[in-house]
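Have a look at the structure below, then the notes.
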Amino acid sequence: MAYQATFKRYEIKYLLTQAQKEEILRAMAPYMKLDKYGRTTIRNIYFDTDSYRLIRRSLEKPAYKEKLRVRSYQTASGEDPFFVELK
C-alpha cells in the first residue's frame, strides 16, 4: 500500500429549523453526555501573513492547506486555557 501524505476532509453543513434541531437533540440524547466544555462559548482567531498568503492558498483548493488558529472555549482572560492549532 502506498503512503498517503494528505487526506481528504469533507464538511457538509446544514441549516436547520428550530424544530429540526430539537428533534435531532432528542434523538441523540441517549448517546450523549455533557462534558466540561458543554456549556461554553467557543472563540476563534485565525491568523494570516501580511500578504494574506494562507487565505489566497486556501482559495486555490489545494490538497493540503494550512490554517493557524487560536481557540478558547470561554471568554479568555489571564490564566484561562487556550489552544494554538495548525490545521
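Taking Rg and Dmax of the Cα atoms in Å as calculated from this structure, the corresponding entry among (1) 12.6, 38; (2) 17.9, 49; (3) 13.5, 49 is (2). Length available on full extension from ARG26 to PHE47: 0.36 nm per residue minus the Cα-Cα distance, which gives 3.8 nm. Solvent exposure of PHE47, expressed as accessible area, is near 100 Å², computed with a probe of 1.4 Å over the protein chains only. Structure note, pairs LYS61/LYS87; LYS36/LYS65; LYS21/LYS61; LYS13/LYS65: Cα-Cα distances above 23 angstrom occur for LYS36/LYS65; LYS21/LYS61. Solvent-accessible surface of the chain, taken per residue with a 1.4 Å probe and all protein chains present: 99 Å². Taking the 1.4 Å solvent-accessible surface of the chain as the whole, the part contributed by carbon and sulfur is 57%. Remark: the LYS33-ARG56 segment gains 4.3 nm on full extension, using 0.36 nm per residue and subtracting the alpha carbon distance.
Against the criterion of solvent-accessible heavy-atom surface with a 1.4 angstrom probe, ARG57, ARG39, ARG71 sort, most first, into ARG39, ARG57, ARG71. The sum of -39500 (n - 2.57) across all DSSP H runs of n ≥ 4, divided by the residue count of the chain, sets its helix-only mean residue ellipticity at 222 nm to -6000 deg cm²/dmol.
The values are calculated or read from the model by the stated rules, or taken from the named source; none is laboratory data. From a predicted model like this one, the values you see are computed outputs, not experimental measurements. These accessible areas exclude ligands, DNA and RNA; they are computed on the full protein's heavy atoms, side chains included. Shrake-Rupley method; radii C 1.70, N 1.55, O 1.52, S 1.80 Å.
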